[in-house]
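Some notes on the structure that comes next.
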Amino acid sequence: MVCAKCGGNNPARATFCAQCGAPLEGADEHDSGARGEKRAIGGRVLAYGWKAKAGAISGEDGNRYTFEVGQWLSDTKPALGGGVDFIPLGDVAMDIYVPVGSDDASGGLITRGFITGLLALLLG
Ligand SMILES: [Zn+2]
């Protein structure tokens, strides 16, 4: 990190110049960028209408979000109750993905449980 004021060299993570004490602008920009970064959260699909091309998600933060089909970025179609990962923006869900393996895993568990129960019925 080169000081804009005196041109002195400083460690990359330095926030103030070691030579003249001036704040290093590069570090400030990096900090504000990190603060502005949007965090994805998890949630579940509450409702989805193919005709309306819109739906609703119940976020793990307790809020409800609406979404449009354009924000659905996974190849997997929205499934009611299905787990999703999205970026909340106001009360709208953006950049929605279905976490890889999450739904398959739960579906597999349900199927295995069903088969186990069926076997118990047949054998018992
Ligand atoms: Zn300096």
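Side notes on the structure shown:
- Residue among GLY36, GLY70, GLY21 that alone is more than 17 Å from VAL92 (Cα to Cα), more than 16 Å from the ligand (Cβ to nearest atom), loosely packed, with under 13 Cβ neighbours inside 10 Å and at pLDDT below 95: GLY36
- Members of region 75-95 that are loosely packed, with under 14 Cβ neighbours inside 10 Å and either part of a strand (DSSP E or B) or among the small types (Gly, Ala, Ser) (or both): GLY81, LEU89, GLY90
- Against the test of being at pLDDT 95 or above, within 30 Å of LYS77 (Cα to Cα) and either outside any strand (DSSP E or B) or small (Gly, Ala, Ser) (or both), the options ALA52, ALA56 yield a single qualifying residue, ALA56.
The values are calculated or read from the model by the stated rules, or taken from the named source; none is laboratory data. Everything numeric here is computed off the predicted structure, so don't read it as measured data. Please note: Cβ atoms are built from the backbone with ideal geometry, for glycine as well, and neighbour counts cover all protein chains shown.
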